[in-house]
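To keep things clear, I will list the structure first and then write my remarks on it.
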Amino acid sequence: MSASGHAGRVGPAQGGGRVGALTASAVVAARFLPIWLATGALVIVAAVIAPNAIKSTSWAFVLPFMTVLAIAALGQMLVVMHAGIDLSTPGVISLGGNLLVGVSSGSDSRVALGILACVGVGVLVGLVNGILVAILGLNPLIVTLAVGQIVLAIAIRYSREVTSQSVVPGSLSSWAAEKPLGISSVFWAGAAITLAVALALRYTAPGRRFQAVGANPRAAWMAGLHVRSHVVFAYTAAGTLYGIAAVLLAGLRISIDPAFGAAYLLAPIAAVVIAGASLSGGLASATSTWMAALALTLLTQMLLILGLSTAMQYIVFGGAIIVGMLISGDRLASVLGRLLRPVDVPAGTRHEMTETTS
């Protein structure tokens, strides 16, 4: 066999590998790019019809509150990456906020204990959810909804019978009010957490295994990975992030009321989906989820500035989420993947091509 014949057979394989890599890169880019473009378009629309929404006074509200949503959405993202869903978020945030003020008793000397209790309840609830879903095999939608309702009931009773005051310690609210470089401390804390999650998923071996299990649990199991352990970890990490979100929200809100955390039932799920993640599990992007949280919070602020009625705000917000899901990166990536998929060459044709090159 001639050297040219050998090169003729190896070349197409190498070319196919390069094409496959480029196709995979294009599909991944298509999955997460739309939310960035949509957020830019939203800023332009806001500048035209509601310019006050992009002024510094508005950003002072948008950035810290979008951070709370982003942290809760990151927790939801970890669960969605394993084809799950978590509806216990409002209950965890509500009980966490009440525990923070109850354990700390409004004292700066006990604020650390209050924060620890707040995050700890998130860890505990997440662990319970993970065991019920991964170990016992129960439906995640039903389980997390039921657990969330139980936790919310405990929060209501705790706030009525135990908590003597609803105001967080002054040191926490003062920290949340600080503005290093002109931006809320809450924003910087959330940005650091988002960056840490993104780097851990992308550049660490445990993070890559976590993604692999979510993308194909059966293949991961055959490769020797503990699928159930990863699912339990996903729910536990999600509960931890909900607890952190409760701490940040408490610092912003200063006081804890009965509606504390109620807005975080569906918004985190919407942020994850329109950011490009698939509800069937697999890849997701922490930074794109963060951007989706920014878009949803900015949209809410714009509707408030426009003075729309509450009913109209719900209609516009719900419609925007539906449109976002219709053109989500997950759907676009699926379409692009089908378009760029190499055409299978019949075996006989491949044999004739091989003989010709030889």
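Go through Val62, Val68, Val45, Val101 for me and flag whichever is at pLDDT 95 or above and either β-branched (Val, Ile, Thr) or part of a helix (DSSP H, G or I) (or both).
Values: Val62 fails: at pLDDT 95 or above; Val45 fails: at pLDDT 95 or above; Val101 fails: at pLDDT 95 or above.
Being at pLDDT 95 or above and either β-branched (Val, Ile, Thr) or part of a helix (DSSP H, G or I) (or both) holds for just one of Val62, Val68, Val45, Val101, which is Val68.
Of all residues in the stretch 141-164, which are open to solvent by less than 70 Å² (accessible area, probe 1.4 Å), more than 19 Å from Tyr242 (Cα to Cα) and not hydroxyl-bearing (Ser, Thr, Tyr)?
Within the stretch 141-164, none qualify.
Is it the case that some residue within the stretch 125-144 is assigned to a helix (DSSP H, G or I), over 30 Å from Ile85 (Cα atoms) and modelled with pLDDT of 90 or more? Quick ask: steps written out before the conclusion?
Start the filter on the stretch 125-144 by keeping residues that are assigned to a helix (DSSP H, G or I), which leaves 125-135, 140-144.
If we keep only those that are over 30 Å from Ile85 (Cα atoms) as well, we get none.
The answer is no; no qualifying residue exists.
Condition first: open to solvent by 10 Å² or more (accessible area, probe 1.4 Å), in contact with a Phe, Trp or Tyr (Cβ under 8 Å, 6 or more places away or on another chain) and assigned to a helix (DSSP H, G or I). Can you find one or more residues in the stretch 104-121 that meet it?
Let us first name the residues in the stretch 104-121 that are open to solvent by 10 Å² or more (accessible area, probe 1.4 Å), namely 105-113, 115-117, 119-121.
From the residues that got through so far, the ones that are in contact with a Phe, Trp or Tyr (Cβ under 8 Å, 6 or more places away or on another chain) too are none.
Checked against the condition, which is being open to solvent by 10 Å² or more (accessible area, probe 1.4 Å), in contact with a Phe, Trp or Tyr (Cβ under 8 Å, 6 or more places away or on another chain) and assigned to a helix (DSSP H, G or I), the stretch 104-121 yields no hits at all.
For the list (1) crowded, with 18+ Cβ neighbours inside 10 Å; (2) of a type outside the set (S, T, N, Q); (3) at pLDDT 55 or above, I need the number of the one condition that Val27 fails.
(3)
Go through the residues of the stretch 105-128 one by one and say whether even a single one is more than 20 Å from Leu248 (Cα to Cα), of a type in the set (Lys, Arg) and without any contact (Cβ under 8 Å) to a residue 60 or more places away in the chain.
At the first step, the residues of the stretch 105-128 found to be more than 20 Å from Leu248 (Cα to Cα) are 127-128.
Within this subset, residues satisfying the condition of being of a type in the set (Lys, Arg) are none.
Scanning the stretch 105-128, I find no residue that is more than 20 Å from Leu248 (Cα to Cα), of a type in the set (Lys, Arg) and without any contact (Cβ under 8 Å) to a residue 60 or more places away in the chain, so the answer is no.
State the number of residues belonging to the stretch 71-87 that are open to solvent by less than 10 Å² (accessible area, probe 1.4 Å) and part of a helix (DSSP H, G or I).
9
Can you give me the ranges of the helices (runs of 4 or more DSSP H) entirely in the stretch 205-304 with at least 3 residues that are open to solvent by 10 Å² or more (accessible area, probe 1.4 Å) and over 27 Å from Leu138 (Cα atoms)?
Details: elements: 205-215, 217-222, 227-253, 267-274.
It comes to 227-253.
Looking at the stretch 182-207, I want the residues that are touching a residue at least 24 places away in the same chain (Cβ under 8 Å) and closer than 17 Å to Val272 by Cβ and have a partner that is assigned to a helix (DSSP H, G or I) and not aliphatic (A, V, I, L, M) with Cβ atoms under 7 Å, at least 6 apart or on another chain. Which pairs are those?
Listed by first residue and then by second, the contacts come to Gly190/Thr67; Thr194/Thr287; Thr194/Trp290; Ala198/Thr287; Leu201/Gly207; Leu201/Phe210; Leu201/Gln211.
So Leu152 clears everything in (1) in contact with a Gly (Cβ under 8 Å, 6 or more places away or on another chain); (2) closer than 16 Å to Ser255 by Cβ except one condition, right? Which one?
(2)
The values are calculated or read from the model by the stated rules, or taken from the named source; none is laboratory data. Predicted, not measured: the structure shown is a model, and the values here were computed from it. In this analysis, Cβ positions are derived from the backbone assuming ideal geometry, glycine residues included, and neighbour counts consider all displayed protein chains. In case anyone asks, the SASA skips ligands and DNA or RNA and just uses the protein heavy atoms, side chains included. Shrake-Rupley method; radii C 1.70, N 1.55, O 1.52, S 1.80 Å.
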